[in-house]
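What follows is a set of notes on a single structure, which appears directly below.
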Amino acid sequence: METVLGMTDLQIRLFTAMGQIAVAGIVGYIAWQQWRTAQKKLKADLFDKRFAAYRELVDAVEQLCAIPMKDDLISESDAALLRESRIKRLGHELTWLFDNAASVHVIKSLVPRVETLIACHIEWMLTQDKVKDQHPRINAAAERKLIQADLRRLSDSISPYLQLKH
C-alpha cells in the first residue's frame with residue numbers, strides 16, 4: 001500500500017526513525033560540547049583559585065622577608081607576626097587546592113623558618129650594642145635565603161597543578 005510521495009508505510013516509519021536518530025545524535029553532540037566546555041571552565045576556575053592562593057602565600061612571605069632590620073621595628077614586628085599566622089592559614093588551605101604534600105611543606109618547613117626570621121627581628125630590637133652584635137642580622141639573612149629556597153621547592157612541587165592543559 002502506497003501513501004505520500006509514493007512511499008510505503010514501512011518506508012515512512014524508517015525515515016521517521018532515522019530523523020529521530022539524527023536529532024538524538026545532534027543533541028548528544030551538543031551535550032558533549034557543553035560537558036567539554038564545563039570541564040575547561042572548571043580547570044580554569046581551579047587554576048585561578050590555586051594561583052591566587054599561591055600568590056597570596058608568596059606575597060605574604062616576600063613582605064615578611066622585605067621588612068628591614070631597624071631599631072624601631074615594634075609595629076612592623078607585630079605586622080610580621082600577623083603575616084606569619086596568615087602563612088599558617090594559607091598552608092592549611094593548600095591541602096584543598098593542591099595536595100597534602102604542599103600543605104605539609106609550608107607548615108613543617110616554611111612556617112618554622114618564618115618564625116625564626118621573626119625571632120631574629122625581635123632579637124635585633126633587643127640587642128644593646130648593634131655595632132658589635134651582628135648575629136641577629138646574619139641569622140636573618142641566612143633565614144631569608146632558606147625561606148626563598150623553600151618557596152622554590154614549593155613552586156616546583158605545585159607547578160603541575162598550575163598548568164592549564166585543556
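For the reader, a short list of remarks on this structure follows.
- Between LEU162 and GLN11, the simple label model (points 7 Å from Cα in the Cβ direction) yields a spacing of 6.7 nm.
- Computed FRET value (nearest 0.05) for ARG137 with THR95, which takes r as the C-beta separation and R₀ as 35 Å: 0.50
- Distance histogram in 10 Å bins (all Cα pairs of the chain, percent per bin): 9, 26, 19, 12, 8, 7, 6, 5, 4, 2, 1, 0
- Legend: calculated FRET efficiency, LEU146 to LYS49, from the Cβ-Cβ distance at R0 = 35 Å, rounded to 0.05, equals 0.80.
- Dipole magnitude for the chain: about 400 debye, using +1 per Lys or Arg Cβ and -1 per Asp or Glu Cβ, origin at the Cα centre.
- Of the DSSP H helices in the chain, those whose Cα atoms cover at least 24 Å axially and whose Kyte score averages -0.5 or more: 9-66, 74-97
- In the chain, a dipole from Cβ-located charges (positive for Lys and Arg, negative for Asp and Glu) runs towards its positive end, and of LEU97, ILE21, LEU110 it is ILE21 whose Cα lies farthest in that direction.
- Accessible solvent surface per residue of the chain, calculated while the other protein chains remain in place, 1.4 angstrom probe, Å²: 65 Å²
- Portion, in percent, of the accessible area of the chain that falls on carbon or sulfur, probe 1.4 Å: 62 percent
- Only helices enter the 222 nm calculation for the chain: every DSSP H run of n ≥ 4 contributes -39,500 (n - 2.57), and dividing by all residues gives -27500 deg cm²/dmol, rounded to 500.
- Convex hull projection area averaged over all views, the stretch 126-166, Cα basis, nm²: 3.8 nm²
The values are calculated or read from the model by the stated rules, or taken from the named source; none is laboratory data. Please read these numbers as outputs of a predicted model, since none were measured by experiment. Virtual Cβ from ideal backbone geometry, glycine too; neighbours counted across all protein chains shown. With ligands, DNA and RNA removed, areas are computed over all heavy atoms of the protein, side chains included. Shrake-Rupley method; radii C 1.70, N 1.55, O 1.52, S 1.80 Å.
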